[in-house]
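The values are calculated or read from the model by the stated rules, or taken from the named source; none is laboratory data. Because the structure is a prediction, the values reported are computed rather than measured. Methodologically, a virtual Cβ is constructed for each residue, glycine included, from the backbone with ideal geometry; neighbour enumeration extends over all protein chains shown.
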Amino acid sequence: MVQSAMLFAGSSHPELARAVAKELGVPLGQISIESFPDGEIGVQILENVRGRDVFVLQSPARRPNHFLMELLILVDAFKRASARSIVAVVPYYAYARQDRKEKGRVPITAKLVADLLQRAGVTRVLTMDLHTEQIQGFFDVPVDHLYARRLFVKALKGLGLKRPVVVSPDVGSNKMVRKFAEDLKVDLAIVDKRRVNGSVTEANALIGDVKGKEVILVDDICSTGGTLKTAAKVCKAEGAKSVLAVVTHALLINGTEIEGIDRLLVTDSVPPSHKAQGVQVVSIAPLIAEAIECVVSAKSISSLFS
Ligand code: R5P
């Protein structure tokens, strides 16, 4: 990495930050983060960042409010310490699902998060598998959007599946899932899911053929597991032989046992769940490091996906 650049880590995902630093062959920047007795966060940057290009990695998962606030405070500290540029490396963009007004009198919190990051002083955002690509438009600074698909497709090709079919667990994921089907050169099916509330989903129909096939369910986020469970149930009712799920942001707040899912493939965009035994984790550290190298050397990031 060029000498002007420095990588720092928030407290949300130190393992990933260390892995990225190792890939880049640089030490993590020195920083102090503490919680005051009343819950406020205090930070101090322990080395000179004046005129430097700072990358700060934070993945605000499971405690989104705390880690977002911590990120904002870190960015403010870098700005006031005269960093030349501040790139928020946010593999998992919290609140991404609140990206539109789908009913009356609700916020667009994904936009609010973008506003807050920019107001704090970020000059660029590096993120991965946003819930919807349009979130990039919530920012007036450049957003580099990475995709885990290349990593997953490589892992899936190594599994030796005989009759795979890629299935979108809801209509919203269809665009992302279609690209998996194209890369794997297999058919696509779609589950017609309806969300009843934050933790309950139901499905009425499956569009496509899964009979006797090895289903690969693809989703950007797994939180309660309700979506995957519902989709797996429909697929098995339609005669699927097995159901494998591929998830970029594995929040897995109810653990890794998801009814109907025989196998789970996830990234480490958020810290692996403490009950993650038996789950295959594909690391995004090399991809994040490659993207950081592209930013510092002004190379094309889209070339990483071609
Ligand atoms: C929804 O549109 C997302 O892509 C995921 O399907 C959803 O967030 C998963 O949440 P849960 O695991 O709680 O069903």
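Of the residues that sit in the stretch 146-159 and are farther than 26 Å from A237 by Cβ and more than 16 Å from the ligand (Cβ to nearest atom), which one is nearest to the chain's Cα centre (by Cα)?
The selected residue is L146.
Residues that are within 21 Å of K229 (Cβ to Cβ) and either touching a Ser or Thr at 6+ places or on another chain (Cβ under 9 Å) or at pLDDT 95 or above (or both): does the stretch 157-164 have at least one?
yes
When you scan the stretch 206-244, how many residues do you find that are in contact with an Asp or Glu (Cβ under 9 Å, 6 or more places away or on another chain), away from the ligand (no atom under 12 Å from the Cβ), assigned to a helix (DSSP H, G or I) and touching a residue at least 40 places away in the same chain (Cβ under 8 Å)?
1
So in the stretch 172-199, with the set limited to residues that are loosely packed, with under 13 Cβ neighbours inside 10 Å and among the small types (G, A, S), which one is farthest from K211 (Cα to Cα)?
If we take residues in the stretch 172-199 being loosely packed, with under 13 Cβ neighbours inside 10 Å and among the small types (G, A, S), then G198 is farthest from K211 (Cα to Cα).
Spot the failing condition for L287; the list is (1) part of a helix (DSSP H, G or I); (2) over 22 Å from V89 (Cβ atoms); (3) not polar (S, T, N, Q), and only one is missed.
Among (1) part of a helix (DSSP H, G or I); (2) over 22 Å from V89 (Cβ atoms); (3) not polar (S, T, N, Q), the lone unmet condition for L287 is (2).
Could you tell me how many of the residues in the stretch 1-35 are closer than 22 Å to S283 by Cα, without any contact (Cβ under 8 Å) to a residue 24 or more places away in the chain and assigned to a loop (DSSP other than H, G, I, E, B)?
The total comes to 1.
For G260, state whether it is out of contact with any helix residue (DSSP H, G or I) (no Cβ under 8 Å at 6 or more places or on another chain) and farther than 24 Å from A19 by Cβ.
no
Let's see how each residue does on (1) aromatic (F, W, Y); (2) buried (at least 21 other Cβ atoms within 10 Å of the Cβ); (3) touching a residue at least 24 places away in the same chain (Cβ under 8 Å):
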position	(1), (2), (3)
V54	no, yes, yes
R84	no, no, yes
E102	no, no, no
Q118	no, no, no
D129	no, yes, yes
Q134	no, no, yes
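Taking the residues in the stretch 36-91 that are of a type in the set (V, I, T) and either part of a helix (DSSP H, G or I) or more than 25 Å from L24 (Cα to Cα) (or both) as candidates, determine which candidate is farthest from the chain's Cα centre (by Cα).
Residue satisfying both the conditions and the ranking: I41.
Taking P271 as meeting all but one of (1) assigned to a loop (DSSP other than H, G, I, E, B); (2) modelled with pLDDT under 95; (3) under 30 Å from R124 (Cα atoms), write down the number of the exception.
Unmet for P271, out of (1) assigned to a loop (DSSP other than H, G, I, E, B); (2) modelled with pLDDT under 95; (3) under 30 Å from R124 (Cα atoms): (2).
I'd like the residue in the stretch 178-200 that is in a strand (DSSP E or B) and within 17 Å of C235 (Cβ to Cβ) and, out of all such residues, is nearest to the ligand (Cβ to nearest atom).
K193
Based on what the data block shows, is K175 away from the ligand (no atom under 15 Å from the Cβ) and farther than 21 Å from D53 by Cβ?
Here the answer is no, as K175 does not meet what is asked.
Residues of the stretch 245-259 being surrounded by 19 or more Cβ atoms within 10 Å (Cβ to Cβ) and either at positive phi or not in a loop (DSSP other than H, G, I, E, B) (or both), which ones?
Hits for the stretch 245-259 are A245, V246, V247, T248, H249, A250, L252.
Taking A203 as meeting all but one of (1) away from the ligand (no atom under 15 Å from the Cβ); (2) crowded, with 19+ Cβ neighbours inside 10 Å, write down the number of the exception.
All conditions pass for A203, except number (1).
Let's see how each residue does on (1) within 25 Å of L7 (Cβ to Cβ); (2) in contact with a His (Cβ under 7 Å, 6 or more places away or on another chain); (3) modelled with pLDDT of 95 or more:
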| site | (1), (2), (3) |
| --- | --- |
| S82 | yes, no, yes |
| Y92 | yes, yes, yes |
| D99 | no, yes, yes |
| R105 | no, no, yes |
| T109 | no, no, yes |
| V113 | yes, no, yes |
| R119 | yes, no, yes |
